[in-house]
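**Q** Sharing a structure, written as structure tokens. Questions coming.
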Amino acid sequence: MVLKYLLFGRFLEQKGIIFFETIYEARMLQKKTNHRIGEISGKKGLAFDVDKILVLQEETMVKFGEVAIKHKFLTAEQVETLVGHQKEEYLFFGAGATETADQKPDGREPEGVQPAGVE
């Protein structure tokens, strides 16, 4: 069976480059690090009804920022600022995977990973 869509971590696992544990750890790190605009706005002191925006977003299938602007919860400038903060703080999968251990406690190493200094 050929998969049309394959997440990058699963692709690396299938190629023997990383273990599932690394995928899991990297994804958990992403979940802790990558925040939604509503979460960021709370940190930045912008008070509005995030739940109402989320319901409107689900019902209209429009982006969070567009809903917030349309219903006057946020200005376009505020949304742009929040998106900028979101981009600055975003952790990509590869960066998350490199922050996790390349070698597991049981001593296994993924195929294709050479110890430092070995070519």
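Any read-out appearing in this document is the output of simple, stated calculations on the displayed coordinates, not a laboratory observation. The structure presented is a predicted model; accordingly, all values stated were derived computationally and were not measured. Don't worry about glycine lacking a Cβ; one is built from the backbone with ideal geometry, like all the others, and counts go over all protein chains shown.
**Q** I need the phi-derived Karplus couplings for region 30-39: 6.51 cos²θ - 1.76 cosθ + 1.60, θ = phi - 60°, integer Hz, Gly and Pro marked x.
**A** So the Karplus estimates, Gly and Pro as x, are 4, 4, 6, 8, 7, 9, 7, 4, x, 5 Hz.
**Q** What's the local net charge at MET28, with K and R +1, D and E -1, over the other residues with C-beta under 15 Å away?
**A** On the way: positive: ARG27, LYS31, LYS32; negative: GLU21, GLU25, GLU99.
It works out to a net charge of 0.
**Q** Please report VAL55, VAL67 as a ranked list, fewest other C-beta atoms within 10 angstrom at the top and most at the bottom.
**A** Ordered from fewest to most neighbouring Cβ atoms within 10 Å, VAL55, VAL67 come out as VAL55, VAL67.
**Q** Tell me the net charge near PHE64. Cut-off is 15 Å between Cβ atoms, PHE64 excluded, with +1 for each Lys or Arg and -1 for each Asp or Glu.
**A** It works out to a net charge of 0.
**Q** Over all directions, the average projected area of the alpha-carbon convex hull for region 17-99 comes to how many nm²?
**A** That works out to 6.4 nm², a quarter of the Cα hull's surface.
**Q** Using a simple spin-label model with points 7 Å from Cα along the Cα→Cβ vector, what separation in nm is obtained for ARG10 and THR81?
**A** Using points 7 Å along Cα→Cβ, the separation is 4.0 nm.
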